[in-house]
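First the structure, in the form of structure tokens, and then the observations on it.
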Amino acid sequence: MKTLGITALVPPEIVFACGFKPFDLNNIVPTSTTRPKNKLCAWTAIWREQIMNGELDLDSLVVVAGGDCHNALVDGQRAAEKIPAFYLFYPFDGNKEYLKSQFERLSLFLGGITDPGIMKTVKSVKENLMKLDQLRSQGVISSELGFQYLISGCDLQGDPTAFKEELSRIPRERGGDLASMHRVALIGVPPIHHDFHREAERLGLHIVFDEMPFEFIRHTGKNINELAESYADYTFARDLKYRFDFLKEELGKRRIDAIIHCTQFACHHVLEDGMLREHLQCPTLTVHSDLPGPVPEQLKLRIEAFSELLWRK
Amino acid sequence: MIRYGVDVGSTTAKIVSLTPELTYRVTESRNWETLLEGIPANEIASTGYFRHKIPHKIAATEITTAIYGVKEYLNDPEVIVDIGGQDTKVTDVRRNNFIVNDKCSAGTGAFLEFIAHYFGLKVTDLSKIHHKAAHTININHTCSVFALSEVVSHLVDGHTIEDLIASIHQAFAERIAQMIPEAEKIVLIGGTAQNRGITISLEEILKQEIHTPPNPQIINALGALRYGEEKEE
Ligand code: SF4
């Protein structure tokens, strides 16, 4: 089976149906020790560097260009010197017809759909992930354990059947202590530090919502029409008001106490911070990260202080 | 029972007790152990960078202890500006919001140390020298290293050290001012707050009074003590 490198949100339903195994390039970044040359954002620069150095075993690449990030687009074009690449554009206005044509072009790039039935399997795995997300929000599963699987909603670790099996084996033993913690939503990009959820929980914050992974799991469908219908609501591609309104509703359902807004050095999400605070009106800690690795001490201080201040409310 | 508040920061270590009058001692951070001789850990509430490292019963970050410490002197502080050796923290007490500048030394105590060292002065002399300045010059660079080369070029042009120190204070205060939200009650704490040159410059820029408690460098240690007492109840 050929491997397709993907970034951000590329429907795994289509990738599997075309006979490819999706591999989310971002998932290698948080534990990576690669220090790329000429970088703005480490998320894109690290996979670009690894592709350029031939360190990843990929057959093709799909970069989400419209609705994601210009850094990814530039680093993707650089990587395209090594492997065939396709640029996927999400519509800013949520136009479903446009998105359908994009998905059809993507299928053609991948050689056409050969196994349409697998889309149903992917859909059922995502339904299980939605349940897992709920269990985490109810405090039955820790932030870290839940996140580990939710973040894989983008590529289902390359094998939907095996991944579904693994999901059914997740232990459900937590409870008690999580209930006494502050309920926190992670908004923005996923943290680039691999132990972020564990550290936050150690410091008294139970992360019950991860914005990006939630986008990975909530869109699905059994055919291109249904996929276009669902993925057209991908909030990161839409206008900010649309995204903030969606978040407001979701955060309300989860009875959130506070927000951690995760941004990266040299990322446009930094600019959204003020608007996000105005719109969501919730105690917010903004995190600016740069390189991957464990949570640095300065950031631990901020998380700890934020947790203390929340008790003062 | 908590009897001591201890703040071991990047540069200095402080211990405070209230028995019932306030007593305190200050030393360099690397000698923090000398402050704790004979004191059992269960009598200590700690704060500062080393809060988890030193013996303690209760620990809290400087952001929290600053609020407790300032409240000993001032009711309802709105914004607390804590200029530390390696970072500057601005806490909006009304909104439970804070920002920490630790990526750049330009608005921290380290910058003033660096400048004092260049002129062969003690950082504690800067305030006195500031008062002898006749006028100030604009220092445009916001990076410590570039600011120093700019200062050197002004020195070459014949400006006095006094004028340059006052100008550096001005540039320093401008940087800090950018971090401060609008508020009526702004409090300045940390060792650097003892430098009147900084407070005066900040007052000129913000066009308002800046409150400085007595002994601003021990506020976090005092706050740790109060926080510890409260948590123990
Ligand atoms: S963090 Fe920002 S700059 Fe980096 S890849 Fe994501 S959107 Fe792009």
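The values are calculated or read from the model by the stated rules, or taken from the named source; none is laboratory data. Because the structure is predicted, anything quoted here is derived from the model rather than measured. Every residue, glycine as well, gets a Cβ built from its backbone with ideal geometry; the counts of neighbours run over all protein chains shown. Calculation scope for accessible area: heavy atoms of the full protein, side chains included, ligands and nucleic acids excluded. Shrake-Rupley method; radii C 1.70, N 1.55, O 1.52, S 1.80 Å.
Brief remarks follow.
- Filtered residue count, segment B:155-184, keeping only those that are free of Cβ contacts under 8 Å to residues at least 40 places away in the same chain and open to solvent by 30 Å² or more (accessible area, probe 1.4 Å): 11
- Subset of segment A:36-52 [away from the ligand (no atom under 16 Å from the Cβ) and over 19 Å from A:Leu4 (Cβ atoms)]: A:Lys37
- The number of residues in segment B:115-151 that are farther than 26 Å from B:Asn101 by Cα and in a helix (DSSP H, G or I) comes to 2.
- For the residues B:Thr64, B:Thr11, the requirement of being more than 11 Å from every other protein chain (Cβ to nearest Cβ) and either crowded, with 20+ Cβ neighbours inside 10 Å or polar (S, T, N, Q) (or both) singles out B:Thr11.
- Scanning segment A:275-294 for residues that are open to solvent by less than 50 Å² (accessible area, probe 1.4 Å) and facing another protein chain (nearest Cβ under 9 Å) gives A:Pro283, A:Thr284, A:Leu285, A:Thr286.
- Scan of segment A:37-57 for residues that are within 13 Å of A:Ile192 (Cβ to Cβ) and out of contact with any Pro (no Cβ under 8 Å at 6 or more places or on another chain), ordered by number: A:Lys39, A:Cys41, A:Trp43, A:Thr44, A:Trp47
- For segment B:71-81, taking the residues that are of a type outside the set (Val, Ile, Thr) and more than 12 Å from chain A (Cβ to nearest Cβ), the one that is farthest from B:Leu225 (Cα to Cα) is identified as B:Glu78.
- Residue, most open to solvent (accessible area, probe 1.4 Å), within segment B:82-123, restricted to residues that are within 14 Å of chain A (Cβ to nearest Cβ), under 17 Å from the mean Cα position of the chain (by Cα) and charged (D, E, K, R): B:Lys103
- Checking A:Asp24 against (1) more than 15 Å from the ligand (Cβ to nearest atom); (2) under 23 Å from A:Thr161 (Cα atoms); (3) surrounded by 17 or more Cβ atoms within 10 Å (Cβ to Cβ), the condition it does not meet: (1)
- Of the candidates A:Glu304, A:Glu272, A:Glu297, the single residue that is within 9 Å of chain B (Cβ to nearest Cβ) and surrounded by 17 or more Cβ atoms within 10 Å (Cβ to Cβ) is A:Glu304.
- Total residues in segment A:248-269 satisfying the condition of being within 16 Å of the ligand (Cβ to nearest atom) and either within 14 Å of another protein chain (Cβ to nearest Cβ) or among the hydrophobic types (A, V, I, L, M, F, W, C) (or both): the figure is 8.
- Residue list for segment B:199-233, filter: over 20 Å from B:Lys57 (Cβ atoms) and in a helix (DSSP H, G or I): B:Thr199, B:Ile200, B:Ser201, B:Leu202, B:Glu203, B:Glu204, B:Ile205, B:Leu206, B:Pro216, B:Gln217, B:Ile219
- So B:Ala166, is it over 21 Å from B:Gly9 (Cβ atoms) and either part of a helix (DSSP H, G or I) or within 14 Å of chain A (Cβ to nearest Cβ) (or both): yes
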